[in-house]
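K.L.:
Let me begin by handing over the structure; questions about it come next.
The values are calculated or read from the model by the stated rules, or taken from the named source; none is laboratory data. Since the structure is predicted, the reported quantities are computational estimates derived from the model, not experimental observations. Heads up, the Cβs are rebuilt from the backbone with ideal geometry, glycines too, and the neighbour counts pull from every protein chain shown.
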Amino acid sequence: MPQLKPGEISMGTTIMAVQFDGGVVLGADSRTSSGTYVSNRVSDKLTKVHDRIYCCRSGSAADTQAVADVVRYHLALYTAQHGEEPTVKVAASLFQQICYDNKDNLMAGIIVAGWDKVDGASVYEIPLGGSIHKLPFTLAGSGSTFIYGYCDKLFRPAMTKDECIEFVKNSVSLAISRDGSSGGVIRVAAITEDGVERQIVHGNNLPQQFLG
Amino acid sequence: MTSIGTGYDLSVSTYSPDGRVFQVEYAQKAVDNSGTAIGLRVKDGVVLAVEKIKHSRLLVPHSNRRIMTAGKHIGIASAGWMSDTRHLVKRVREESRSYTDVYKTKVPAHIIAERLAMYVQAYTLYSSVRPFGVSTLLACMDAKGPQLYMIEPSGYYVGYRGCAVGKGKQVAKTEIEKLDLDNMTVREAVKEAARIIYSAHDDTKDKLFELELSWVCKESNDLHVHVPQDVYDDAVQHAERSLDDDDDDNEMDDDEDL
(Lines give C-alpha, C1' and ligand atoms only; values in the text may rest on other atoms or scores of the structure.)
Protein backbone atom coordinates (compact mmCIF):
# COMPACT_ATOMS: atom_id res chain seq x y z
CA MET A 1 0.00 0.00 0.00
CA PRO A 2 1.62 3.28 -1.00
CA GLN A 3 2.22 5.76 1.79
CA LEU A 4 2.80 9.47 1.71
CA LYS A 5 6.52 10.14 1.85
CA PRO A 6 7.83 12.23 4.77
CA GLY A 7 7.11 15.85 4.00
CA GLU A 8 4.88 15.00 1.02
CA ILE A 9 1.83 17.18 0.60
CA SER A 10 -1.45 15.40 1.26
CA MET A 11 -4.90 16.55 0.44
CA GLY A 12 -6.73 15.38 3.56
CA THR A 13 -9.91 16.36 1.88
CA THR A 14 -13.57 15.97 1.56
CA ILE A 15 -14.73 15.58 -2.04
CA MET A 16 -18.03 14.52 -3.53
CA ALA A 17 -20.01 14.48 -6.75
CA VAL A 18 -23.76 14.12 -7.30
CA GLN A 19 -25.60 13.33 -10.53
CA PHE A 20 -28.94 14.89 -11.41
CA ASP A 21 -31.06 14.84 -14.53
CA GLY A 22 -29.15 17.07 -16.93
CA GLY A 23 -25.84 17.44 -15.09
CA VAL A 24 -23.59 16.87 -12.11
CA VAL A 25 -22.58 18.89 -9.05
CA LEU A 26 -19.06 18.50 -7.64
CA GLY A 27 -18.00 19.76 -4.23
CA ALA A 28 -14.75 19.92 -2.28
CA ASP A 29 -13.10 21.57 0.71
CA SER A 30 -9.92 23.60 0.18
CA ARG A 31 -7.35 22.40 2.72
CA THR A 32 -3.98 21.04 1.60
CA SER A 33 -1.79 19.91 4.49
CA SER A 34 1.73 18.67 5.08
CA GLY A 35 1.46 16.96 8.46
CA THR A 36 -0.16 19.53 10.74
CA TYR A 37 0.89 22.51 8.62
CA VAL A 38 -1.78 23.73 6.22
CA SER A 39 0.22 24.59 3.13
CA ASN A 40 -2.75 25.93 1.15
CA ARG A 41 -6.04 26.87 2.84
CA VAL A 42 -7.77 27.91 -0.41
CA SER A 43 -6.73 25.17 -2.84
CA ASP A 44 -8.90 24.16 -5.77
CA LYS A 45 -9.43 20.42 -5.78
CA LEU A 46 -11.98 20.55 -8.59
CA THR A 47 -9.83 20.25 -11.69
CA LYS A 48 -10.96 20.67 -15.29
CA VAL A 49 -9.79 17.94 -17.67
CA HIS A 50 -12.12 18.88 -20.50
CA ASP A 51 -14.85 21.42 -21.27
CA ARG A 52 -17.57 19.50 -19.45
CA ILE A 53 -15.52 16.94 -17.53
CA TYR A 54 -14.03 17.70 -14.12
CA CYS A 55 -12.27 15.58 -11.53
CA CYS A 56 -12.10 15.84 -7.74
CA ARG A 57 -8.66 14.99 -6.37
CA SER A 58 -7.78 13.41 -3.02
CA GLY A 59 -4.61 11.73 -1.73
CA SER A 60 -1.20 13.00 -2.76
CA ALA A 61 -1.40 16.46 -4.33
CA ALA A 62 1.60 15.76 -6.59
CA ASP A 63 0.28 12.40 -7.82
CA THR A 64 -3.19 13.64 -8.60
CA GLN A 65 -1.95 16.76 -10.37
CA ALA A 66 0.37 14.65 -12.53
CA VAL A 67 -2.33 12.14 -13.42
CA ALA A 68 -4.86 14.87 -14.19
CA ASP A 69 -2.32 16.59 -16.48
CA VAL A 70 -1.77 13.38 -18.46
CA VAL A 71 -5.50 12.78 -18.80
CA ARG A 72 -6.09 16.39 -19.87
CA TYR A 73 -3.49 15.95 -22.62
CA HIS A 74 -5.08 12.72 -23.83
CA LEU A 75 -8.57 14.21 -23.90
CA ALA A 76 -7.38 17.17 -25.96
CA LEU A 77 -5.73 14.73 -28.38
CA TYR A 78 -8.94 12.66 -28.49
CA THR A 79 -10.96 15.70 -29.61
CA ALA A 80 -8.44 16.46 -32.35
CA GLN A 81 -8.35 12.87 -33.61
CA HIS A 82 -12.02 11.98 -33.32
CA GLY A 83 -13.53 15.32 -34.29
CA GLU A 84 -15.91 15.10 -31.35
CA GLU A 85 -15.91 15.59 -27.58
CA PRO A 86 -14.82 12.65 -25.41
CA THR A 87 -17.42 11.14 -23.11
CA VAL A 88 -17.08 11.12 -19.33
CA LYS A 89 -16.69 7.34 -19.64
CA VAL A 90 -13.59 7.79 -21.79
CA ALA A 91 -12.10 10.27 -19.29
CA ALA A 92 -12.80 7.97 -16.36
CA SER A 93 -11.33 4.99 -18.26
CA LEU A 94 -8.13 6.94 -18.88
CA PHE A 95 -7.85 7.86 -15.19
CA GLN A 96 -8.51 4.27 -14.24
CA GLN A 97 -5.88 2.86 -16.57
CA ILE A 98 -3.19 5.16 -15.18
CA CYS A 99 -4.18 4.60 -11.55
CA TYR A 100 -4.32 0.82 -11.92
CA ASP A 101 -1.13 0.38 -13.94
CA ASN A 102 0.81 2.54 -11.48
CA LYS A 103 -0.97 1.51 -8.30
CA ASP A 104 2.27 0.75 -6.45
CA ASN A 105 3.61 4.24 -6.96
CA LEU A 106 0.53 6.41 -6.69
CA MET A 107 -1.71 7.53 -3.88
CA ALA A 108 -4.70 8.96 -5.68
CA GLY A 109 -8.40 8.78 -4.94
CA ILE A 110 -10.24 10.46 -7.79
CA ILE A 111 -13.84 11.26 -8.65
CA VAL A 112 -14.57 11.96 -12.33
CA ALA A 113 -17.84 13.69 -13.16
CA GLY A 114 -19.28 15.60 -16.06
CA TRP A 115 -21.78 15.83 -18.87
CA ASP A 116 -21.57 14.54 -22.45
CA LYS A 117 -24.13 14.25 -25.21
CA VAL A 118 -23.93 10.46 -25.48
CA ASP A 119 -24.56 9.39 -21.86
CA GLY A 120 -25.70 12.67 -20.30
CA ALA A 121 -24.59 13.18 -16.70
CA SER A 122 -22.19 10.63 -15.15
CA VAL A 123 -20.22 10.22 -11.92
CA TYR A 124 -17.34 7.73 -11.64
CA GLU A 125 -15.23 6.94 -8.59
CA ILE A 126 -11.67 5.63 -8.86
CA PRO A 127 -10.38 4.69 -5.38
CA LEU A 128 -6.80 3.81 -4.39
CA GLY A 129 -6.38 0.42 -6.11
CA GLY A 130 -7.48 1.66 -9.53
CA SER A 131 -10.93 0.12 -9.75
CA ILE A 132 -13.71 2.09 -11.40
CA HIS A 133 -17.29 2.48 -10.16
CA LYS A 134 -20.15 4.31 -11.83
CA LEU A 135 -22.53 5.69 -9.21
CA PRO A 136 -25.37 8.22 -8.87
CA PHE A 137 -23.37 10.03 -6.19
CA THR A 138 -20.12 9.36 -4.38
CA LEU A 139 -17.86 10.69 -1.63
CA ALA A 140 -14.12 10.39 -1.12
CA GLY A 141 -11.29 11.70 0.98
CA SER A 142 -10.64 11.48 4.71
CA GLY A 143 -13.58 13.74 5.58
CA SER A 144 -16.08 11.62 3.68
CA THR A 145 -16.10 8.95 6.39
CA PHE A 146 -17.93 11.33 8.74
CA ILE A 147 -20.81 12.05 6.40
CA TYR A 148 -21.72 8.70 4.82
CA GLY A 149 -24.74 8.34 7.07
CA TYR A 150 -25.90 11.90 6.39
CA CYS A 151 -25.53 11.53 2.62
CA ASP A 152 -27.10 8.08 2.40
CA LYS A 153 -30.12 9.37 4.27
CA LEU A 154 -30.57 12.61 2.35
CA PHE A 155 -29.75 11.68 -1.25
CA ARG A 156 -32.68 11.30 -3.65
CA PRO A 157 -32.23 10.33 -7.32
CA ALA A 158 -34.57 13.00 -8.73
CA MET A 159 -33.16 16.19 -7.23
CA THR A 160 -32.90 19.47 -9.12
CA LYS A 161 -29.61 21.24 -9.70
CA ASP A 162 -30.19 23.68 -6.85
CA GLU A 163 -31.19 20.89 -4.46
CA CYS A 164 -27.97 19.07 -5.35
CA ILE A 165 -25.91 22.20 -4.71
CA GLU A 166 -27.56 22.59 -1.27
CA PHE A 167 -26.94 18.91 -0.55
CA VAL A 168 -23.26 19.20 -1.46
CA LYS A 169 -22.71 22.38 0.54
CA ASN A 170 -24.35 20.92 3.64
CA SER A 171 -22.45 17.64 3.43
CA VAL A 172 -19.00 19.15 2.88
CA SER A 173 -19.57 21.65 5.66
CA LEU A 174 -20.44 18.84 8.11
CA ALA A 175 -17.32 16.94 7.09
CA ILE A 176 -15.15 20.01 7.54
CA SER A 177 -16.43 20.50 11.07
CA ARG A 178 -15.41 16.97 12.12
CA ASP A 179 -12.32 16.19 9.99
CA GLY A 180 -9.07 17.95 10.91
CA SER A 181 -7.65 17.36 7.43
CA SER A 182 -10.54 19.19 5.74
CA GLY A 183 -11.22 22.88 6.00
CA GLY A 184 -11.13 26.28 4.38
CA VAL A 185 -13.85 27.17 1.86
CA ILE A 186 -16.31 24.98 0.04
CA ARG A 187 -15.85 24.95 -3.72
CA VAL A 188 -18.78 23.84 -5.85
CA ALA A 189 -18.96 23.23 -9.62
CA ALA A 190 -22.21 22.53 -11.47
CA ILE A 191 -21.76 21.03 -14.96
CA THR A 192 -24.59 20.87 -17.49
CA GLU A 193 -24.99 20.95 -21.24
CA ASP A 194 -24.79 24.75 -21.06
CA GLY A 195 -21.43 24.84 -19.34
CA VAL A 196 -19.78 24.96 -15.93
CA GLU A 197 -20.93 27.17 -13.07
CA ARG A 198 -18.52 27.58 -10.16
CA GLN A 199 -19.41 28.73 -6.67
CA ILE A 200 -17.50 29.33 -3.45
CA VAL A 201 -18.78 29.33 0.14
CA HIS A 202 -16.54 31.17 2.57
CA GLY A 203 -16.04 30.17 6.20
CA ASN A 204 -18.41 32.80 7.56
CA ASN A 205 -21.22 31.63 5.25
CA LEU A 206 -21.14 27.92 6.03
CA PRO A 207 -24.58 26.31 6.53
CA GLN A 208 -26.01 26.34 10.05
CA GLN A 209 -25.35 23.28 12.19
CA PHE A 210 -24.58 22.25 15.76
CA LEU A 211 -20.98 23.23 16.44
CA GLY A 212 -20.65 21.92 20.00
CA MET B 1 -0.49 3.08 -68.87
CA THR B 2 2.41 0.68 -68.31
CA SER B 3 5.63 2.58 -67.85
CA ILE B 4 8.99 1.36 -66.71
CA GLY B 5 10.90 3.68 -64.41
CA THR B 6 14.35 2.65 -65.50
CA GLY B 7 16.79 3.23 -62.71
CA TYR B 8 14.35 5.06 -60.42
CA ASP B 9 12.35 2.02 -59.52
CA LEU B 10 14.88 -0.02 -57.60
CA SER B 11 13.95 1.21 -54.15
CA VAL B 12 10.84 2.61 -52.52
CA SER B 13 12.89 5.43 -51.04
CA THR B 14 13.69 6.86 -54.47
CA TYR B 15 11.61 9.42 -56.37
CA SER B 16 11.66 9.57 -60.15
CA PRO B 17 12.34 12.95 -61.78
CA ASP B 18 8.61 13.38 -62.41
CA GLY B 19 7.78 12.85 -58.74
CA ARG B 20 6.63 9.22 -58.77
CA VAL B 21 7.61 6.39 -56.47
CA PHE B 22 7.60 3.44 -58.82
CA GLN B 23 7.77 0.72 -56.21
CA VAL B 24 4.42 1.86 -54.80
CA GLU B 25 2.96 1.89 -58.31
CA TYR B 26 4.26 -1.64 -58.91
CA ALA B 27 2.60 -2.71 -55.65
CA GLN B 28 -0.64 -1.38 -57.10
CA LYS B 29 -0.12 -3.70 -60.10
CA ALA B 30 -0.06 -6.69 -57.76
CA VAL B 31 -3.50 -5.59 -56.62
CA ASP B 32 -4.76 -5.19 -60.17
CA ASN B 33 -3.83 -8.79 -60.99
CA SER B 34 -5.83 -10.33 -58.19
CA GLY B 35 -9.43 -11.48 -57.98
CA THR B 36 -12.07 -8.74 -57.80
CA ALA B 37 -13.32 -7.44 -54.48
CA ILE B 38 -16.16 -4.96 -54.07
CA GLY B 39 -17.79 -3.09 -51.22
CA LEU B 40 -21.23 -1.48 -51.15
CA ARG B 41 -22.31 0.91 -48.40
CA VAL B 42 -26.07 1.15 -48.30
CA LYS B 43 -28.55 2.76 -46.00
CA ASP B 44 -28.55 0.12 -43.26
CA GLY B 45 -25.20 -1.62 -43.57
CA VAL B 46 -22.16 -2.52 -45.66
CA VAL B 47 -21.76 -5.53 -47.96
CA LEU B 48 -18.43 -6.98 -49.05
CA ALA B 49 -18.08 -9.44 -51.91
CA VAL B 50 -14.99 -11.18 -53.24
CA GLU B 51 -14.30 -13.25 -56.35
CA LYS B 52 -12.10 -15.94 -54.83
CA ILE B 53 -10.25 -17.52 -57.74
CA LYS B 54 -9.55 -21.16 -57.03
CA HIS B 55 -6.41 -22.62 -58.51
CA SER B 56 -7.43 -26.22 -57.84
CA ARG B 57 -10.61 -28.29 -57.60
CA LEU B 58 -9.13 -29.97 -54.56
CA LEU B 59 -9.48 -26.88 -52.37
CA VAL B 60 -11.79 -27.32 -49.39
CA PRO B 61 -14.80 -25.04 -49.93
CA HIS B 62 -14.94 -22.00 -47.67
CA SER B 63 -11.35 -22.48 -46.56
CA ASN B 64 -8.82 -19.71 -47.04
CA ARG B 65 -11.29 -16.88 -46.56
CA ARG B 66 -10.48 -13.65 -48.27
CA ILE B 67 -12.89 -11.67 -46.13
CA MET B 68 -11.83 -11.40 -42.50
CA THR B 69 -13.21 -9.86 -39.33
CA ALA B 70 -11.42 -7.60 -36.87
CA GLY B 71 -12.79 -6.28 -33.60
CA LYS B 72 -16.20 -7.87 -34.29
CA HIS B 73 -17.67 -4.83 -36.05
CA ILE B 74 -15.01 -4.41 -38.74
CA GLY B 75 -14.86 -6.40 -41.97
CA ILE B 76 -11.83 -6.52 -44.21
CA ALA B 77 -11.83 -7.66 -47.83
CA SER B 78 -8.82 -7.19 -50.01
CA ALA B 79 -7.20 -7.67 -53.36
CA GLY B 80 -3.55 -8.46 -53.80
CA TRP B 81 -1.11 -10.60 -51.86
CA MET B 82 -3.11 -12.71 -49.42
CA SER B 83 -0.16 -13.15 -47.09
CA ASP B 84 0.21 -9.37 -46.84
CA THR B 85 -3.49 -9.12 -46.11
CA ARG B 86 -3.25 -11.50 -43.18
CA HIS B 87 -0.50 -9.37 -41.72
CA LEU B 88 -2.61 -6.21 -42.07
CA VAL B 89 -5.66 -7.88 -40.55
CA LYS B 90 -3.53 -8.93 -37.59
CA ARG B 91 -2.50 -5.30 -37.22
CA VAL B 92 -6.10 -4.05 -37.42
CA ARG B 93 -7.09 -6.55 -34.73
CA GLU B 94 -4.29 -5.35 -32.48
CA GLU B 95 -5.13 -1.67 -33.04
CA SER B 96 -8.81 -2.33 -32.38
CA ARG B 97 -7.98 -4.21 -29.19
CA SER B 98 -5.62 -1.56 -27.92
CA TYR B 99 -8.21 1.18 -28.61
CA THR B 100 -10.82 -0.73 -26.63
CA ASP B 101 -8.37 -1.31 -23.78
CA VAL B 102 -7.72 2.41 -23.41
CA TYR B 103 -11.07 3.98 -24.24
CA LYS B 104 -13.37 1.09 -23.21
CA THR B 105 -15.44 1.39 -26.35
CA LYS B 106 -15.46 0.03 -29.93
CA VAL B 107 -13.06 1.79 -32.26
CA PRO B 108 -14.84 4.19 -34.66
CA ALA B 109 -14.48 3.59 -38.42
CA HIS B 110 -12.51 6.71 -39.28
CA ILE B 111 -10.00 6.06 -36.51
CA ILE B 112 -9.27 2.46 -37.47
CA ALA B 113 -9.10 3.37 -41.18
CA GLU B 114 -6.58 6.08 -40.40
CA ARG B 115 -4.49 3.81 -38.21
CA LEU B 116 -4.34 1.13 -40.91
CA ALA B 117 -3.52 3.71 -43.56
CA MET B 118 -0.69 5.18 -41.48
CA TYR B 119 0.71 1.69 -40.95
CA VAL B 120 0.61 0.92 -44.69
CA GLN B 121 2.19 4.30 -45.47
CA ALA B 122 5.09 3.62 -43.11
CA TYR B 123 6.17 0.78 -45.38
CA THR B 124 6.58 3.22 -48.28
CA LEU B 125 9.29 5.18 -46.51
CA TYR B 126 12.19 2.75 -46.14
CA SER B 127 14.27 0.90 -48.67
CA SER B 128 14.69 -2.00 -46.27
CA VAL B 129 11.05 -3.07 -46.58
CA ARG B 130 8.64 -3.36 -49.47
CA PRO B 131 5.20 -1.75 -49.64
CA PHE B 132 2.19 -3.98 -49.00
CA GLY B 133 0.79 -5.32 -52.27
CA VAL B 134 -2.77 -5.06 -51.04
CA SER B 135 -5.73 -2.74 -51.44
CA THR B 136 -7.95 -3.13 -48.42
CA LEU B 137 -11.69 -2.56 -48.24
CA LEU B 138 -12.64 -1.81 -44.65
CA ALA B 139 -16.33 -2.09 -43.73
CA CYS B 140 -17.35 -0.85 -40.34
CA MET B 141 -20.48 -0.15 -38.34
CA ASP B 142 -20.07 2.51 -35.68
CA ALA B 143 -22.12 5.17 -33.91
CA LYS B 144 -22.25 7.25 -37.10
CA GLY B 145 -23.67 4.34 -39.10
CA PRO B 146 -22.25 2.07 -41.80
CA GLN B 147 -19.00 3.13 -43.41
CA LEU B 148 -16.68 1.82 -46.12
CA TYR B 149 -13.05 2.82 -46.63
CA MET B 150 -10.44 1.73 -49.14
CA ILE B 151 -6.75 1.82 -48.25
CA GLU B 152 -4.29 1.61 -51.16
CA PRO B 153 -0.68 0.36 -51.08
CA SER B 154 0.50 3.97 -50.88
CA GLY B 155 -1.37 4.47 -47.63
CA TYR B 156 -3.90 6.76 -49.32
CA TYR B 157 -7.37 6.15 -47.95
CA VAL B 158 -10.79 7.54 -48.66
CA GLY B 159 -14.38 6.76 -47.70
CA TYR B 160 -16.61 5.32 -50.39
CA ARG B 161 -20.25 4.54 -50.95
CA GLY B 162 -19.19 1.82 -53.39
CA CYS B 163 -15.81 0.68 -54.63
CA ALA B 164 -14.07 -2.12 -56.48
CA VAL B 165 -10.50 -3.43 -56.68
CA GLY B 166 -8.77 -6.20 -58.58
CA LYS B 167 -8.95 -7.67 -62.07
CA GLY B 168 -12.56 -6.88 -62.84
CA LYS B 169 -12.66 -3.46 -61.20
CA GLN B 170 -13.53 -1.53 -64.37
CA VAL B 171 -16.56 -3.71 -65.11
CA ALA B 172 -17.54 -3.72 -61.45
CA LYS B 173 -17.22 0.07 -61.06
CA THR B 174 -19.45 0.67 -64.07
CA GLU B 175 -22.10 -1.60 -62.58
CA ILE B 176 -21.81 -0.08 -59.11
CA GLU B 177 -22.27 3.45 -60.47
CA LYS B 178 -25.64 2.43 -61.85
CA LEU B 179 -26.94 1.47 -58.40
CA ASP B 180 -28.95 3.71 -56.08
CA LEU B 181 -26.87 2.86 -53.03
CA ASP B 182 -28.30 5.43 -50.63
CA ASN B 183 -31.78 3.93 -50.87
CA MET B 184 -30.89 0.26 -50.96
CA THR B 185 -31.12 -2.22 -48.12
CA VAL B 186 -28.44 -4.81 -47.34
CA ARG B 187 -30.69 -7.62 -48.56
CA GLU B 188 -30.88 -5.96 -51.99
CA ALA B 189 -27.20 -5.03 -51.92
CA VAL B 190 -26.14 -8.62 -51.28
CA LYS B 191 -27.91 -9.74 -54.46
CA GLU B 192 -26.46 -6.87 -56.48
CA ALA B 193 -22.96 -7.52 -55.13
CA ALA B 194 -23.17 -11.19 -56.15
CA ARG B 195 -24.44 -10.23 -59.60
CA ILE B 196 -21.62 -7.74 -60.09
CA ILE B 197 -18.95 -10.20 -59.06
CA TYR B 198 -20.35 -12.80 -61.44
CA SER B 199 -20.44 -10.31 -64.28
CA ALA B 200 -16.93 -9.04 -63.56
CA HIS B 201 -15.59 -12.58 -63.50
CA ASP B 202 -13.82 -13.46 -66.72
CA ASP B 203 -14.55 -17.10 -67.46
CA THR B 204 -11.88 -17.35 -70.13
CA LYS B 205 -9.08 -16.44 -67.74
CA ASP B 206 -9.94 -18.37 -64.55
CA LYS B 207 -12.57 -21.07 -64.72
CA LEU B 208 -12.94 -21.90 -61.05
CA PHE B 209 -14.06 -19.35 -58.54
CA GLU B 210 -15.96 -19.13 -55.29
CA LEU B 211 -18.04 -16.13 -54.30
CA GLU B 212 -17.51 -14.85 -50.76
CA LEU B 213 -20.15 -12.56 -49.28
CA SER B 214 -20.21 -10.78 -45.96
CA TRP B 215 -22.14 -7.98 -44.31
CA VAL B 216 -22.32 -5.78 -41.25
CA CYS B 217 -25.81 -4.48 -40.55
CA LYS B 218 -28.70 -4.36 -38.10
CA GLU B 219 -29.67 -7.89 -39.06
CA SER B 220 -26.26 -9.16 -38.00
CA ASN B 221 -26.47 -7.18 -34.74
CA ASP B 222 -23.85 -4.72 -35.98
CA LEU B 223 -21.35 -7.58 -36.16
CA HIS B 224 -19.38 -8.34 -39.30
CA VAL B 225 -20.16 -11.90 -40.43
CA HIS B 226 -20.31 -13.96 -43.60
CA VAL B 227 -23.90 -13.89 -44.84
CA PRO B 228 -26.20 -16.75 -43.71
CA GLN B 229 -26.37 -19.71 -46.05
CA ASP B 230 -29.90 -18.97 -47.29
CA VAL B 231 -29.02 -15.38 -48.15
CA TYR B 232 -25.87 -16.62 -49.92
CA ASP B 233 -27.75 -19.22 -51.96
CA ASP B 234 -30.38 -16.63 -52.87
CA ALA B 235 -27.71 -14.18 -54.02
CA VAL B 236 -25.87 -16.78 -56.10
CA GLN B 237 -29.12 -17.81 -57.78
CA HIS B 238 -29.91 -14.18 -58.59
CA ALA B 239 -26.41 -13.72 -60.00
CA GLU B 240 -26.52 -16.85 -62.16
CA ARG B 241 -30.01 -15.98 -63.42
CA SER B 242 -28.98 -12.48 -64.46
CA LEU B 243 -25.97 -13.89 -66.31
CA ASP B 244 -28.31 -16.23 -68.20
CA ASP B 245 -30.60 -13.28 -68.99
CA ASP B 246 -27.64 -11.45 -70.50
CA ASP B 247 -26.88 -14.50 -72.66
CA ASP B 248 -30.54 -14.70 -73.72
CA ASP B 249 -30.47 -11.02 -74.72
CA ASN B 250 -27.46 -11.70 -76.92
CA GLU B 251 -29.23 -14.63 -78.64
CA MET B 252 -32.24 -12.46 -79.44
CA ASP B 253 -30.02 -9.93 -81.20
CA ASP B 254 -28.65 -12.67 -83.45
CA ASP B 255 -32.19 -13.68 -84.50
CA GLU B 256 -33.07 -10.15 -85.50
CA ASP B 257 -30.10 -9.93 -87.80
CA LEU B 258 -31.49 -12.82 -89.83
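K.L.:
Here are some conditions: (1) more than 15 Å from the chain's Cα centre (by Cα); (2) over 19 Å from B:Tyr156 (Cα atoms); (3) at pLDDT 90 or above. B:Met1 meets all but one. Which one does it not meet?
P.N.:
(3)
K.L.:
Please go through region A:80-93 and pick out each residue that is facing chain B (nearest Cβ under 7 Å) and not β-branched (Val, Ile, Thr).
P.N.:
Taking region A:80-93 first, the residues facing chain B (nearest Cβ under 7 Å) are A:81-82, A:89-90, A:93.
Result: A:Gln81, A:His82, A:Lys89, A:Ser93.
K.L.:
Condition check: farther than 29 Å from A:Asp21 by Cα and either assigned to a loop (DSSP other than H, G, I, E, B) or touching a strand residue (DSSP E or B) at 6+ places or on another chain (Cβ under 7 Å) (or both). Does A:Val42 satisfy that? Step through it out loud before you land on a result.
P.N.:
Values: farther than 29 Å from A:Asp21 by Cα: yes; either assigned to a loop (DSSP other than H, G, I, E, B) or touching a strand residue (DSSP E or B) at 6+ places or on another chain (Cβ under 7 Å) (or both): yes.
Yes: the conditions hold for A:Val42.
K.L.:
Looking only at region B:68-79, decide whether some residue is within 14 Å of another protein chain (Cβ to nearest Cβ) and of a type in the set (A, V, I, L, M, F, W, C). Outline the logic, then answer.
P.N.:
So in region B:68-79, the residues within 14 Å of another protein chain (Cβ to nearest Cβ) come out as none.
No, every residue in region B:68-79 fails to be within 14 Å of another protein chain (Cβ to nearest Cβ) and of a type in the set (A, V, I, L, M, F, W, C).
K.L.:
Given (1) assigned to a loop (DSSP other than H, G, I, E, B); (2) free of Cβ contacts under 8 Å to residues at least 60 places away in the same chain; (3) closer than 24 Å to B:Ser220 by Cβ, where does B:Ser128 come up short, assuming only one miss?
P.N.:
The failed condition is (3).
K.L.:
Somewhere in region B:200-219, is a residue among the polar types (S, T, N, Q), touching a helix residue (DSSP H, G or I) at 6+ places or on another chain (Cβ under 9 Å) and at pLDDT below 95?
P.N.:
No, that holds for no residue.
K.L.:
Ok, one more. Counting just the residues of region B:80-106 that are more than 14 Å from chain A (Cβ to nearest Cβ) and β-branched (Val, Ile, Thr), which one comes out nearest to B:Pro153 (Cα to Cα)?
P.N.:
B:Thr85
K.L.:
Continuing with this model, one more query. Just the residues that are surrounded by 11 or more Cβ atoms within 10 Å (Cβ to Cβ) and either basic (Lys, Arg) or free of Cβ contacts under 8 Å to residues at least 12 places away in the same chain (or both), please, taken from region A:195-212.
P.N.:
Residues satisfying the conditions are A:Glu197, A:Arg198, A:Asn205.
K.L.:
Of the residues that make up region A:6-13, is at least one more than 14 Å from chain B (Cβ to nearest Cβ), farther than 20 Å from A:Ile176 by Cβ, surrounded by 15 or more Cβ atoms within 10 Å (Cβ to Cβ) and touching a helix residue (DSSP H, G or I) at 6+ places or on another chain (Cβ under 9 Å)?
P.N.:
No, the conditions are met nowhere in region A:6-13.
K.L.:
Does region A:122-148 hold any residues that are within 11 Å of the chain's Cα centre (by Cα) and part of a loop (DSSP other than H, G, I, E, B), and which are they?
P.N.:
A:Gly141
K.L.:
Next question, about the same structure. Kindly check whether there is at least one residue in region A:10-19 that is assigned to a strand (DSSP E or B) and at pLDDT below 95.
P.N.:
Looking only at region A:10-19, we keep the residues that are assigned to a strand (DSSP E or B), and these are A:10-11, A:15-19.
Adding the requirement that they be at pLDDT below 95 leaves A:10-11.
Taking every residue of region A:10-19 in turn, at least one turns out to be assigned to a strand (DSSP E or B) and at pLDDT below 95.
K.L.:
Sticking with this one: Just to be sure before I move on: is A:Gln96 free of Cβ contacts under 8 Å to residues at least 40 places away in the same chain, within 12 Å of chain B (Cβ to nearest Cβ), assigned to a helix (DSSP H, G or I) and of a type in the set (S, T, N, Q) in the structure I sent?
P.N.:
Numbers: free of Cβ contacts under 8 Å to residues at least 40 places away in the same chain: yes; within 12 Å of chain B (Cβ to nearest Cβ): yes; assigned to a helix (DSSP H, G or I): yes; of a type in the set (S, T, N, Q): yes.
Yes.
K.L.:
Also: Being part of a strand (DSSP E or B), more than 14 Å from every other protein chain (Cβ to nearest Cβ), surrounded by 15 or more Cβ atoms within 10 Å (Cβ to Cβ) and of a type in the set (A, V, I, L, M, F, W, C) is the requirement here; does A:Leu106 meet it?
P.N.:
Details: part of a strand (DSSP E or B): no; more than 14 Å from every other protein chain (Cβ to nearest Cβ): yes; surrounded by 15 or more Cβ atoms within 10 Å (Cβ to Cβ): yes; of a type in the set (A, V, I, L, M, F, W, C): yes.
Criteria not met by A:Leu106.
K.L.:
How many of the residues making up region A:184-194 are outside any strand (DSSP E or B), surrounded by fewer than 21 Cβ atoms within 10 Å (Cβ to Cβ) and touching a residue at least 12 places away in the same chain (Cβ under 8 Å)? Walk me through how you get there before you give the answer.
P.N.:
Taking region A:184-194 first, the residues outside any strand (DSSP E or B) are A:184-185, A:193-194.
Now drop any that are not surrounded by fewer than 21 Cβ atoms within 10 Å (Cβ to Cβ), which leaves A:184, A:193-194.
Keeping just the survivors that are touching a residue at least 12 places away in the same chain (Cβ under 8 Å) gives A:184, A:193.
The number of residues fulfilling the criteria is 2.
K.L.:
Would region B:147-157 turn up any residue that is without any contact (Cβ under 8 Å) to a residue 24 or more places away in the chain, under 26 Å from A:Gln81 (Cα atoms) and out of contact with any Pro (no Cβ under 6 Å at 6 or more places or on another chain)? Don't jump to the end; show me each part of the working.
P.N.:
Our first condition is that a residue be without any contact (Cβ under 8 Å) to a residue 24 or more places away in the chain; within region B:147-157, this holds for none.
Looking through region B:147-157, none of the residues is without any contact (Cβ under 8 Å) to a residue 24 or more places away in the chain, under 26 Å from A:Gln81 (Cα atoms) and out of contact with any Pro (no Cβ under 6 Å at 6 or more places or on another chain).
K.L.:
Would you tally the residues in region A:32-79 being within 14 Å of chain B (Cβ to nearest Cβ) and in contact with a Phe, Trp or Tyr (Cβ under 6 Å, 6 or more places away or on another chain)?
P.N.:
So the answer is 1.
K.L.:
Residue check: is A:Ala66 within 29 Å of A:Pro6 (Cβ to Cβ), assigned to a helix (DSSP H, G or I) and under 17 Å from the mean Cα position of the chain (by Cα)? Step through it out loud before you land on a result.
P.N.:
Details: within 29 Å of A:Pro6 (Cβ to Cβ): yes; assigned to a helix (DSSP H, G or I): yes; under 17 Å from the mean Cα position of the chain (by Cα): yes.
So A:Ala66 passes the test.
K.L.:
For region B:178-198, name all the residues that are part of a helix (DSSP H, G or I) and over 16 Å from the mean Cα position of the chain (by Cα).
P.N.:
Of region B:178-198, the ones part of a helix (DSSP H, G or I) are B:181-183, B:186-198.
Result: B:Leu181, B:Asp182, B:Asn183, B:Val186, B:Arg187, B:Glu188, B:Lys191.
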